1. Restricting to region 39-96, name every residue that is open to solvent by 40 Å² or more (accessible area, probe 1.4 Å), of a type outside the set (S, T, N, Q), within 19 Å of residue 28 (Cβ to Cβ) and touching a Gly at 6+ places or on another chain (Cβ under 9 Å).
2. Before we move on, is residue 188 within 27 Å of the chain's Cα centre (by Cα), polar (S, T, N, Q), modelled with pLDDT of 95 or more and surrounded by fewer than 16 Cβ atoms within 10 Å (Cβ to Cβ)?
3. Return the residues of region 113-124 that are open to solvent by less than 40 Å² (accessible area, probe 1.4 Å), outside any strand (DSSP E or B) and closer than 20 Å to residue 192 by Cβ; say none if nothing qualifies.
4. Take region 25-55 and flag every residue that is part of a loop (DSSP other than H, G, I, E, B) and either among the hydroxyl-bearing types (Ser, Thr, Tyr) or within 18 Å of residue 78 (Cβ to Cβ) (or both).
5. Out of the residues in region 198-214 that are aliphatic (A, V, I, L, M), assigned to a strand (DSSP E or B) and buried (at least 20 other Cβ atoms within 10 Å of the Cβ), state the one that is modelled with the lowest pLDDT.
6. Give region 56-104 a look and list any residue that's part of a strand (DSSP E or B), farther than 17 Å from residue 216 by Cα and out of contact with any strand residue (DSSP E or B) (no Cβ under 6 Å at 6 or more places or on another chain), or say none.
7. Kindly list, by first and then second residue, each pair from a residue in region 71-97 that is on the phi > 0 side of the Ramachandran plot to a residue that is open to solvent by 20 Å² or more (accessible area, probe 1.4 Å), limited to pairs with Cβ atoms under 6 Å and residues at least 6 apart or on different chains.
8. Would you mention how many residues in region 126-181 are touching a residue at least 12 places away in the same chain (Cβ under 8 Å), part of a strand (DSSP E or B) and not hydroxyl-bearing (Ser, Thr, Tyr)?
Amino acid sequence: NPSTGRTTRVVSIAAVTNNVGLSAGVDNGRDQAAVFTSAVWVHFYLVLDGATVKSRSSLTTPPTGPTLQGTESAWAYCGPAFRDTSNALIAQRFRGCWVVYEAFQSLLSGGTATVETAINAATRVPPNALLVAYYGVIAENTVTVAGLDTLTLRYISGIDYFNVYSTGYVVSQQQNNLIFLMPNHNQNYYYLLIPGSTGTLLAYSGLTGYTVPNGDS
């Protein structure tokens with residue numbers, strides 16, 4: 001309860017569907033009259049209305065929370081979803097504090113940078129995400145001299161956090177990929193390729209999900 005600080009535990013909750021197309025004042029709709037614009041993070045909440053649990057969608061993150069309507073008295077945070085440029089919410093699944101995309105989200109395809117280069121994750125990682133499940137792929141093509149190749153990923157500029165290695169072979173194309181957890185730092189991270197072989201190196205990266213501060217584990 002944002003007014004009193006009181007916590008209410010509800011043991012059994014019926015299925016609740018939120019419709020971001022419904023205006024403020026309508027059950028299970030937005031917390032504002034204006035329609036949400038495109039390319040924004042929408043945050044979903046359960047709200048307590050008397051003894052009934054309903055829902056609200058909002059552009060406001062915790063700890064402020066949604067603008068409660070009518071007799072709504074308390075809220076609990078579920079998590080966010082991105083409303084893309086076509087006004088569609090990108091499909092995700094919520095499991096505890098984990099938010100997992102139904103399909104992996106590509107942020108870098110065929111990168112060739114050999115110096116630190118930023119990857120903007122703002123449309124796939126919300127501002128209040130804690131940990132992000134990124135993936136990194138290094139692909140080697142047309143290798144003429146074998147060697148150890150490295151894809152380095154960082155969330156702090158200049159500090160290596162995670163490496164993906166692959167040994168280039170002259171006789172065949174090689175590819176190696178890994179999924180790893182990295183802290184969310186301003187919805188941004190970095191990559192660079194460190195070649196050991198002679199040939200063409202390509203980097204691919206993106207994410208599969210992230211955690212949010214909703215009190216679950």
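1. Those that are open to solvent by 40 Å² or more (accessible area, probe 1.4 Å), of a type outside the set (S, T, N, Q), within 19 Å of residue 28 (Cβ to Cβ) and touching a Gly at 6+ places or on another chain (Cβ under 9 Å): 70, 75, 76, 94.
2. Judged against the criteria, residue 188 is a match.
3. The answer is 113, 121.
4. 27, 28, 29, 31, 32, 36, 37, 38
5. The residue in question is 201.
6. Within region 56-104, 102, 103 qualify.
7. Note: pairs meeting the criteria are 79/94; 79/214; 87/38; 96/216; 96/217.
8. 28
The values are calculated or read from the model by the stated rules, or taken from the named source; none is laboratory data. As the structure is a prediction and not an experimental result, all values here were calculated from the model. Cβ: placed from backbone, ideal geometry, glycine included. Neighbour counts: every protein chain shown. All accessible areas refer to the heavy atoms of the entire protein, side chains included, with ligands and DNA or RNA removed. Shrake-Rupley method; radii C 1.70, N 1.55, O 1.52, S 1.80 Å.
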